[in-house]
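The values are calculated or read from the model by the stated rules, or taken from the named source; none is laboratory data. Please read these numbers as outputs of a predicted model, since none were measured by experiment. FYI the Cβ positions are ideal-geometry reconstructions off the backbone, even for glycines, and counts take in every protein chain you see. Accessible surface is based on the protein model in full, side chains and every heavy atom, while ligands, DNA and RNA are left aside. Shrake-Rupley method; radii C 1.70, N 1.55, O 1.52, S 1.80 Å.
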Amino acid sequence: MDNITLTGITSTGYHGVFPEERREGQPFVVDVVLEFPLETRTDDLRDTVNYAEVAADVESVVTGEPRNLIETVAGDIAERLLARGRVERVTVTVHKPQAPISQPFGDVSVTICRSK
């Protein structure tokens, strides 16, 4: 299986279980890996997945309906990307670098893998 990978797609979202997260928002960073057979002979965008559209899909989910959990955000992104005809499997990582944790930390993230 071949891959297209996008890393570091950053958007402001209002996800979280605490009222201040939903009120103030925070950055979310998303990485996606799309798996499907790449056509390398035609050099035609119609024979692949347009990664600009993938990034727009990710941004739409992150900036869209607030969710309590980043697990749900990752699942929503995966469903949307699997709806793109050629994609057979997707790995989505949602990072929440400003999660409300009192201890020092570098990142909080959830990674899910889904396939058709």
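Of A74, V90, N50, which is farthest on the positive side of the dipole of region 1-106, counting Cα position, with +1 on Lys and Arg Cβ, -1 on Asp and Glu Cβ, and the Cα centre as origin?
Of the options given, the answer is A74.
Given a 1.4 Å probe, how much area per residue of the chain is accessible, in Å²? Write down the numbers at each step before the final one.
On the way: 6680 Å² over 116 residues.
The answer is 58 Å² per residue.
Ordering K96, K116 from largest to smallest accessible area (1.4 angstrom probe), what's the sequence?
If we order K96, K116 from most to least accessible, we get K116, K96.
Could you order H95, H15 so the one with the most accessible surface comes first? Probe is 1.4 Å.
H95, H15
Using only alpha-carbon positions, what ratio does the radius of gyration of the chain give when scaled by 2.2 N^0.38 Å?
That ratio works out to 1.13.
Residues with amide H under 5 Å of L38's amide H, sequence separation 5 or more or different chain, H placed in the peptide plane at 1.01 Å from N; which?
D2
Ignoring any ligand, DNA or RNA, what whole percent of the accessible area of region 1-101 comes from carbon and sulfur when the probe is 1.4 angstrom?
Solvent-exposed carbon and sulfur of region 1-101 make up 47 percent of the total.
Nearest 500 deg cm²/dmol is fine: what mean residue ellipticity at 222 nm does the chain get from its DSSP H runs of n ≥ 4 alone, each adding -39,500 (n - 2.57), divided by its residue count?
-8000 deg cm²/dmol
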